[in-house]
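Visitor: Once you've had a glance at the structure underneath, I'll fire off some questions.
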Amino acid sequence: MSDPNPINPSPPQRSDLSQGWGRLIGGLTLLGPAGLWLLFLLIFPIAIILELSFAPGFRPEDPLTTYGLENYFQAFQPLYVQVIGRSVFFAVATTLLCLLTGFPVAYWIALLSPIRWRNLLLLGFILPLWTSSLLRSYAWITILRPTGVLNSLLTTIGLPALDLFNRSPAVLIGMVYSYLPYMVLILYSSLERLDRRLLEASADLGASPPTTFWKITIPQSAPGIWAGGLLIFITSLGDFVDPELLGGASSMTITRLIYNQFLGGARNWGFGSALSMLLMLAVSLAMALLIRYGDKNATGT
């Protein structure tokens, strides 16, 4: 027999509907403070920067009247392409150096070191992160400057002094030192879950240690390698402190270029906004790759 009143829902349907609205309202209540925070301190500023990026040659004292793509065309001029390329070079080189130096450390702590010492070893390795990145950069200035600790030691033992300060090698040294602990932590988290039964089976079947490493260890730790590499690339691409303090004028990066447009002598907020949007686009693409290929247990994504 058909329902005599098909328009009005039955009592169970009303109950499900009220519960659904209750969950929705409860979720919005919990997300409200964080949502407003993101809206006013992230979404609105990005929207303003996006608008300014289409204002050719905009300065804060100028009226915002014209729009166009001139700022983006200017960003791809040879001089600025060189700056962007240098920023990408620093980010890629820092990532590779952190991976090459951090993987053996993470491997030894996760698989070879005594279990009772692992937490202490990790604590000792991340101890530099307890200090400010600015202080760490100033420490490297003290070490690498022409009359610094390194050159004083070299001349004392009869070796020639090294001209590293205000050059690209000094920037890479500072950036690798800053980001290496993050790489070690992420790789350790991935290597710690390595299935050691596969390592034992590979050895029992006569595989050499290099073969076991490339056939068993690397494939199992690949998500951690992706996560650590992309995270270091994203962070180092936007690094401002190390290139500014250790690189000098010859190591101009996109972050320093953006700073000059907003707070330096250039005062071209339109061009600085276009560069900022390009940097955010590159970081967003790297974040998408991190979410797709990264180790979620290692990065928390």
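Visitor: Using unit Cβ charges (K, R positive; D, E negative) and no other charged atoms, how large, in debye to the nearest 20, is the dipole of the chain about its Cα centre?
Guide: Numbers: 17 positive and 15 negative charges, 110 e Å.
Dipole of the chain, to the nearest 20 debye: 520 debye.
Visitor: Right, next: Spin-label point model (7 Å from Cα, Cβ direction): what's the residue 30 to residue 82 distance in nm?
Guide: Once both label points are built, they end up 5.4 nm from each other.
Visitor: Moving on to the next point. Normalised radius of gyration for the stretch 194-240, please: alpha carbon Rg relative to 2.2 N^0.38 Å, two decimal places.
Guide: Against the empirical 2.2 N^0.38 Å value, I get 1.60 for the stretch 194-240.
Visitor: Hey, with R₀ at 41 Å, roughly what FRET efficiency would residue 240 and residue 116 work out to, going by the Cβ-Cβ distance, to 0.05?
Guide: Once rounded, the FRET efficiency stands at 0.55.
Visitor: Return a whole-number percent for the relative contact order of the stretch 73-299, with Cα pairs under 8 Å and 6 or more residues apart as the contact set.
Guide: 29 percent
Visitor: How would you rank 83, 92, going from fewest to most other Cβ atoms within 10 Å of each one's own Cβ?
Guide: Exposure proxy ranking, most exposed first: 92, 83.
Visitor: Could you tell me which residue out of 60, 248, 225 lies farthest along the dipole of the chain toward its positive end? Charges go on the beta carbon: Lys and Arg +1, Asp and Glu -1, centred on the Cα centre.
Guide: 225
Visitor: Can you give the Rg and Dmax of the stretch 86-186 based on its C-alpha atoms, in angstrom?
Guide: 15.8, 44
Visitor: Got a sec? How would 175, 280 order by Cβ neighbour count within 10 Å, fewest to most?
Guide: 280, 175
Visitor: Also: How big is the Cα convex hull of the stretch 73-299 in projection, averaged over all directions, in nm²?
Guide: 16.0 nm²
Visitor: Which of 188, 138 has the fewest other C-beta atoms within 10 Å, and how do the rest follow up to the most?
Guide: So the ranking, lowest neighbour count to highest, is 138, 188.
Visitor: Hey, quick one: spin label on residue 288, modelled 7 Å out along Cα-Cβ, who in the stretch 217-233 has an amide N within reach, i.e. under 11 Å?
Guide: Backbone N within reach: none found.
Visitor: I would also like to ask the following. Which of rounded, prolate or oblate describes the stretch 180-301 when judged by the alpha-carbon gyration tensor and an a/c cut-off of 1.5?
Guide: Note, shape of the stretch 180-301 comes out prolate.
Visitor: Once phi is turned into θ = phi - 60°, what whole-Hz ³J(HN,Hα) does the Karplus curve with 6.51, -1.76 and 1.60 give for every residue of the stretch 48-55, x standing for Gly and Pro?
Guide: Residue by residue, the stretch 48-55 yields 5, 4, 4, 5, 5, 5, 9, 9 Hz.
Visitor: List, in order, the whole-Hz ³J(HN,Hα) value for each residue of the stretch 125-130 obtained from phi through the Karplus relation with A = 6.51, B = -1.76, C = 1.60 and θ = phi - 60°; use x for Gly and Pro.
Guide: Listing the rounded values in order: 6, 9, 4, x, 5, 6 Hz.
Visitor: Using R₀ = 41 Å, calculate the FRET efficiency as 1/(1 + (r/R₀)^6) where r is the Cβ-Cβ separation of residue 207 and residue 89; round to 0.05.
Guide: 0.65
Visitor: Computed FRET efficiency, Cβ-Cβ of residue 147 and residue 73, R0 45 Å: what is it to the nearest 0.05?
Guide: The value I calculate is 0.50.
Visitor: For the ranges 251-260, 223-232, 67-76, what's the packing order if you count other beta-carbon atoms within 10 Å of each residue, average per peptide, and put the highest first?
Guide: 223-232, 251-260, 67-76
Visitor: Return the whole-Å distance between the Cα centroid of the stretch 84-126 and the Cα centroid of the stretch 141-169.
Guide: Here the answer is 25 Å between Cα centres.
Visitor: Can I ask one more? Rounded to whole Hz and in sequence order, give me ³J(HN,Hα) for the stretch 30-44 from the Karplus expression 6.51 cos²θ - 1.76 cosθ + 1.60, θ = phi - 60°, writing x for Gly and Pro.
Guide: 6, 7, x, x, 5, x, 5, 4, 5, 5, 7, 10, 10, 5, 4
Visitor: Computed over the Cα atoms of the stretch 27-84, what is the convex hull's projected area averaged over all directions, in nm²?
Guide: 6.1 nm²
Rule-based calculations on the coordinates, nothing more; no lab input. Since the structure is predicted, the reported quantities are computational estimates derived from the model, not experimental observations. In this analysis, Cβ positions are derived from the backbone assuming ideal geometry, glycine residues included, and neighbour counts consider all displayed protein chains.
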